Amino acid sequence: MDMVRVRGVGKSFKLHAQGGAEIAVVGGVDMTVATGDAIALTGASGVGKSTLMRMIFGNYLCPEGEILVRHGGCWVDVARADPRAIIDIRRETIGYISQFLRVIPRVPALEVVAEPIRMRGASEGESRERASELLTRLRIPETLWSLSPVTFSGGEQQRVNIARGFAVPYPILLLDEPTASLDKENRDTVIEMIDEARRGGTAIIGIFHDGNVRAAVCERACDLTQYRLAS
Amino acid sequence: MSDNHEPLLVVDGLSKRYGAQLGCRDVGFSLWPGEVVGVVGESGSGKTTLLNCISARLTPDDGVVRYRTRLGTLSDIYQMSEPERRMLMRTDWAFVHQNPRDGLRMKVSAGANVGERLMAVGARHYGNIRGAADDWLSKVEIDTGRIDDLPATFSGGMQQRLQIARNLVTGPRLVFMDEPTGGLDVSVQARLLDLMRGLVGELGLAAVIVTHDLAVARLLSHRLMVMWRGEVVEQGLTDQVLDDPQHPYTQLLVSSVLQP
């Protein structure tokens, strides 16, 4: 079953501080991702991989084309959806794990991970239990759970971020370099988690610079070089 | 009862001038239950004028502000009778000022500041009022042993938390906040933000928060409106407006923030 249909998507940035310079990124992107599919976005740095991913998540505006997402049994065009619809889609349908954790002072790691579970209506106990499982699996020592990740190392923050991204089973998962700052052991765990999600039916779109990780996770690739626009 | 699919507040074509000086022009937006909208922009951009106009504190020259009352009907707040509007401001609405001194009564105790709002809506039982005040002081992390102290003896951060307790004790559905973290130390700010984030989520409040601090806006609001020279020049999902700003002014605003 198709979960994401990207049709004729194009994006450029207009920089007003630089005399309204237009930076064209991509044009005419077509891509379909189904349940249990794992697709890697490839192409050189600056080709627009993260930009496309952010448009699918509603974080960047999509001025051209449509991004259809199956949300609660209906197709919603993220490119035209209002903010409230996108918030709803992010709670139920699309998970996004970026390279960096946006840390909030005073919010403990356990709470960071438990939040998406509670937002779906789970009890505090239930959500904390699930969050503990994930933090344990990702080897975050229990002594750190009650601390804000502000002071954590890059790798630890990244793992908290991953735990949060996997806290609830999203039908669609976007992964932007999820293993970038991890050691081999943790990288293998994350690959395992991604694969479990995929086998459970999650549609996965990922960006992985590490070719081994990409090969382990994805069965096909979409090279964005073909959609590149000359600036 | 109104349900969550109907907006709580509907603002349309709102304008306010101060003589030749423009306050805000042609502002329109809707706010849904449980939704937090941030209003950002530099000083003099019309943020506070807008906040005052939509909270029945400053009559606009043009435009309509409609609020869905507990009966479920959308009513023009400037067409209501004075007692109706007063009742709304005391019960359903709350207003948190930048300076806690504007929102507190400095000559009465912390407990009385919280209890007073309850008495204004008819609470008479001393024990219950005291109990509620006690409960709210602990919710905003003020030592309940200070319940009989005057707010003047509190630090700025405590006063701000007390103002929040005083406002939320009546169980409002809509909260207006004007620079709620302005003028506080960074560490005190973090505590207040954490508290507000928790309370807004827990109580399912709708809120309009005016701030010039983009980090505060990102943390607390679902949606963002960017004001410039009295007009809303851009609005949308908070992270979208901050990460992919479209209007020249928003781009300037976002790129002017110092990254610590």
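The values are calculated or read from the model by the stated rules, or taken from the named source; none is laboratory data. Note that the structure is a prediction, hence the values are computed from the model and not measured. Virtual Cβ from ideal backbone geometry, glycine too; neighbours counted across all protein chains shown.
Looking at (1) exposed (fewer than 14 other Cβ atoms within 10 Å of the Cβ); (2) within 14 Å of chain B (Cβ to nearest Cβ), find the lone condition where residue A:119 falls short.
(1)
Take the residues of the stretch B:226-242 that are within 11 Å of chain A (Cβ to nearest Cβ) and not β-branched (Val, Ile, Thr): which is surrounded by the most Cβ atoms within 10 Å (Cβ to Cβ)?
So, considering only residues that are within 11 Å of chain A (Cβ to nearest Cβ) and not β-branched (Val, Ile, Thr), the one surrounded by the most Cβ atoms within 10 Å (Cβ to Cβ) is B:237.
Tell me, which helices (runs of 4 or more DSSP H) wholly within the stretch B:199-260 include 3 or more residues that are more than 30 Å from residue B:139 (Cα to Cα) and not assigned by TED's automatic domain parsing to the domain that holds residue B:161?
Result: B:238-243, B:248-255.
Could you tell me how many of the residues in the stretch A:14-40 are in contact with a Phe, Trp or Tyr (Cβ under 9 Å, 6 or more places away or on another chain) and either within 22 Å of residue A:79 (Cβ to Cβ) or within 14 Å of another protein chain (Cβ to nearest Cβ) (or both)?
Number of matching residues: 11.
Could you identify the single residue in B:238, B:250 that is in contact with a Ser or Thr (Cβ under 6 Å, 6 or more places away or on another chain) and of a type in the set (Ser, Thr, Tyr)?
Numbers: B:250 fails: in contact with a Ser or Thr (Cβ under 6 Å, 6 or more places away or on another chain).
Going through B:238, B:250 in turn, the sole match is B:238.
Quick one: count up the residues across the stretch A:79-98 that are part of a loop (DSSP other than H, G, I, E, B) and within 14 Å of chain B (Cβ to nearest Cβ).
Matching residues across the stretch A:79-98 total 5.
When you go through A:76, A:112, A:69 one by one, which is the residue that is in a helix (DSSP H, G or I) and on the phi < 0 side of the Ramachandran plot?
Exactly one residue qualifies, and that residue is A:112.
Taking residue A:102, is it under 30 Å from residue A:128 (Cβ atoms) and exposed (fewer than 15 other Cβ atoms within 10 Å of the Cβ)?
Details: under 30 Å from residue A:128 (Cβ atoms): yes; exposed (fewer than 15 other Cβ atoms within 10 Å of the Cβ): yes.
Judged against the criteria, residue A:102 is a match.
Test residue A:168 against the stated conditions and say whether it is away from every other protein chain (no Cβ under 14 Å), touching a residue at least 60 places away in the same chain (Cβ under 8 Å) and within 26 Å of residue A:58 (Cα to Cα).
In short, yes.
Conditions tested, residue by residue: (1) at pLDDT 95 or above; (2) buried (at least 19 other Cβ atoms within 10 Å of the Cβ).
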{"site": "B:22", "(1), (2)": "no, no"}
{"site": "B:30", "(1), (2)": "yes, no"}
{"site": "B:43", "(1), (2)": "no, no"}
{"site": "B:54", "(1), (2)": "yes, yes"}
{"site": "B:63", "(1), (2)": "yes, yes"}
{"site": "B:100", "(1), (2)": "no, yes"}
{"site": "B:103", "(1), (2)": "no, yes"}
{"site": "B:107", "(1), (2)": "no, no"}
{"site": "B:117", "(1), (2)": "no, yes"}
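For the stretch B:133-172, name all the residues that are within 21 Å of the chain's Cα centre (by Cα), among the charged types (D, E, K, R) and surrounded by fewer than 22 Cβ atoms within 10 Å (Cβ to Cβ).
B:139, B:141 - these are the residues of the stretch B:133-172 that are within 21 Å of the chain's Cα centre (by Cα), among the charged types (D, E, K, R) and surrounded by fewer than 22 Cβ atoms within 10 Å (Cβ to Cβ).
For the stretch B:177-204, enumerate the residues that are buried (at least 19 other Cβ atoms within 10 Å of the Cβ), of a type outside the set (D, E, K, R) and touching an Asp or Glu at 6+ places or on another chain (Cβ under 9 Å).
B:181, B:189
Can you tell me how many residues within the stretch B:142-157 are within 16 Å of residue B:96 (Cβ to Cβ) and either touching a Pro at 6+ places or on another chain (Cβ under 8 Å) or in a loop (DSSP other than H, G, I, E, B) (or both)? Can you show your working first?
Just the residues of the stretch B:142-157 that are within 16 Å of residue B:96 (Cβ to Cβ), to begin with: B:142, B:151, B:154, B:156-157.
Checking the rest, the ones that are also either touching a Pro at 6+ places or on another chain (Cβ under 8 Å) or in a loop (DSSP other than H, G, I, E, B) (or both) come to B:142, B:151, B:154, B:156.
So the answer is 4.
Kindly list the number of the only condition in (1) over 27 Å from residue A:167 (Cβ atoms); (2) under 19 Å from the mean Cα position of the chain (by Cα) that fails for residue A:55.
Against the list (1) over 27 Å from residue A:167 (Cβ atoms); (2) under 19 Å from the mean Cα position of the chain (by Cα), residue A:55 comes up short only on (1).
Need pairs with beta-carbon distance below 8 Å; first residue closer than 17 Å to residue B:212 by Cβ and within 7 Å of chain A (Cβ to nearest Cβ) and within the stretch B:243-255, second crowded, with 19+ Cβ neighbours inside 10 Å and at pLDDT 95 or above; sequence gap 6+ or separate chains.
Pairs found: B:251/B:245.
If you take the residues of the stretch A:134-183 that are surrounded by 21 or more Cβ atoms within 10 Å (Cβ to Cβ) and of a type in the set (Phe, Trp, Tyr), which of them is nearest to residue A:87 (Cα to Cα)?
A:170
Within the stretch A:140-231, which helices (runs of 4 or more DSSP H) (wholly inside it) include 2 or more residues that are out of contact with any Leu (no Cβ under 7 Å at 6 or more places or on another chain) and within 24 Å of residue A:44 (Cα to Cα)?
Filter on the stretch A:140-231 gives A:184-199, A:211-217.
If you take the residues of the stretch B:208-225 that are more than 12 Å from every other protein chain (Cβ to nearest Cβ) and touching a Leu at 6+ places or on another chain (Cβ under 7 Å), which of them is surrounded by the fewest Cβ atoms within 10 Å (Cβ to Cβ)?
Just the residues of the stretch B:208-225 that are more than 12 Å from every other protein chain (Cβ to nearest Cβ), to begin with: B:208-214, B:217.
Subsequent filtering for residues that are touching a Leu at 6+ places or on another chain (Cβ under 7 Å) retains B:208-210, B:214, B:217.
On the way: B:208: 25, B:209: 26, B:210: 27, B:214: 19, B:217: 24.
For the stretch B:208-225, the residue satisfying everything is B:214.
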